[in-house]
1. If the requirement is being exposed (fewer than 14 other Cβ atoms within 10 Å of the Cβ) and in a helix (DSSP H, G or I), which of these qualifies: K76, K22?
2. Could you please find all residues in the stretch 73-107 being under 21 Å from I16 (Cβ atoms) and at pLDDT 95 or above?
3. Within the stretch 83-100, does at least one residue satisfy the condition of being within 16 Å of M43 (Cβ to Cβ), out of contact with any helix residue (DSSP H, G or I) (no Cβ under 9 Å at 6 or more places or on another chain) and either surrounded by 15 or more Cβ atoms within 10 Å (Cβ to Cβ) or not hydroxyl-bearing (S, T, Y) (or both)?
4. Could you count how many residues in the stretch 35-75 are touching a Pro at 6+ places or on another chain (Cβ under 8 Å) and among the charged types (D, E, K, R)?
5. With respect to R281, determine if the residue is free of Cβ contacts under 8 Å to residues at least 24 places away in the same chain, of a type outside the set (S, T, N, Q), closer than 24 Å to G75 by Cβ and surrounded by 15 or more Cβ atoms within 10 Å (Cβ to Cβ).
6. Please determine whether any residue of the stretch 148-161 is in contact with a helix residue (DSSP H, G or I) (Cβ under 6 Å, 6 or more places away or on another chain) and part of a strand (DSSP E or B).
7. Please pick out the residue among I163, I173 that is in contact with a Lys or Arg (Cβ under 9 Å, 6 or more places away or on another chain) and over 15 Å from A45 (Cβ atoms).
8. When only residues in the stretch 122-143 that are surrounded by fewer than 17 Cβ atoms within 10 Å (Cβ to Cβ) and modelled with pLDDT of 95 or more count, which is nearest to V32 (Cα to Cα)?
Amino acid sequence: MAFTSAQASTSSCQVIQHISGKTQVCGQPQQVVALSPPLLDIMLALGVQPLAYAEVDLFTRRKFDKPEAQIPFLGKYITTKPINLGSRDRPSQELLLWLKPDLILGEPEYNKNNYHLLAKIAPTLLFRIQEKDDWQQHISAIARALGREERAKQVIAEYKQQITQTKAALAPIAAQQRRILVLGFGRLIADSFVLDPEEFVCGILQELGFEIITVGSREQERFSLSLEVLPQIETDVILVLPSGNNTIANAQQQWSENPILRSLSADRGGKVYFTDFQLTRIRGPIAAETFVNRMREILK
């Protein structure tokens with residue numbers, strides 16, 4: 001799908017490869033839309049502010065007028081008041097037509113079915129950013145489209161340096177408490193599940209020198225877990241991520257009141273930690289930096 005403008009000559013255009021094919025982007029896009037948290041994360045890390053944004057959950061206000069309070073972890077980096085496009089899987093096409101963005105960034109899991117409609121509005125690039133290394137694989141292509149290639153190199157270099165430094169700092173801990181079970185913890189304990197080693201936060205923990213405990217087969221990306229099975233799993237540390245509409249405070253209370261959970265060796269050793277599940281939905285360089293800092297804080 002090719003786009004041209006009176007302001008952009010052919011020499012200023014470039015073809016960007018993405019999951020839905022090749023798209024020509026001309027000039028340096030100024031009005032950019034992010035249709036999911038990972039794309040917003042990457043945009044902000046590259047120094048680009050969003051014209052509009054679509055969240056995971058439905059947000060009812062017309063604008064993100066207080067982004068720091070309204071967009072978890074990323075809002076504090078936003079200096080604009082992005083237009084609310086609705087949910088990531090059903091962004092408002094009417095608003096997009098009205099906004100006339102220069103570029104739309106989305107994920108195939110949520111935007112592939114309406115890609116042909118989005119591409120008629122503006123150049124649209126879809127990138128799969130689901131697992132541990134995805135953002136690093138795709139940030140260069142996104143940066144090319146945005147004219148931020150040097151910044152992308154810097155973002156990756158800074159992340160690798162942070163991993164190296166944090167891994168060294170946590171090495172004595174990893175030597176003694178190497179095995180980590182990462183648990184998604186629902187408001188109903190029966191809705192809990194084990195995160196797969198390929199998932200975003202699990203990948204970071206492996207980069208830091210820890211071993212992720214697996215349950216079930218690789219085909220089961222998130223293995224539902226009954227409480228009765230937990231005591232049979234050998235692990236040094238349990239990392240609990242309250243999922244769905246659960247909260248850290250509620251999850252901590254649930255845990256403290258459950259005799260099976262309190263009987264686990266990790267709990268008896270004081271090695272059960274809680275952190276925000278939201279980071280697994282953001283999955284970009286800012287989320288990665290935040291998670292690494294959080295692990296250094298709670299594990300050391």
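1. On the way: K22 fails: in a helix (DSSP H, G or I).
Matching residue, one of K76, K22: K76.
2. L96, L99, K100, P101, D102, L103, I104, L105, G106, E107, listed by residue number.
3. Within the stretch 83-100 (the criterion being within 16 Å of M43 (Cβ to Cβ), out of contact with any helix residue (DSSP H, G or I) (no Cβ under 9 Å at 6 or more places or on another chain) and either surrounded by 15 or more Cβ atoms within 10 Å (Cβ to Cβ) or not hydroxyl-bearing (S, T, Y) (or both)), the answer is no, since none of the residues qualifies.
4. Looking only at that region, the number is 3.
5. Values: free of Cβ contacts under 8 Å to residues at least 24 places away in the same chain: no; of a type outside the set (S, T, N, Q): yes; closer than 24 Å to G75 by Cβ: yes; surrounded by 15 or more Cβ atoms within 10 Å (Cβ to Cβ): yes.
For R281, the condition - free of Cβ contacts under 8 Å to residues at least 24 places away in the same chain, of a type outside the set (S, T, N, Q), closer than 24 Å to G75 by Cβ and surrounded by 15 or more Cβ atoms within 10 Å (Cβ to Cβ) - is not met.
6. no
7. On inspection, the qualifying residue turns out to be I173.
8. Ranking the candidates gives A141 first.
The values are calculated or read from the model by the stated rules, or taken from the named source; none is laboratory data. All figures in this text were calculated on a predicted structure; none of them were measured in a lab. Positions of Cβ are generated from backbone atoms using ideal geometry, with glycine treated the same way; all protein chains shown enter the neighbour counts.
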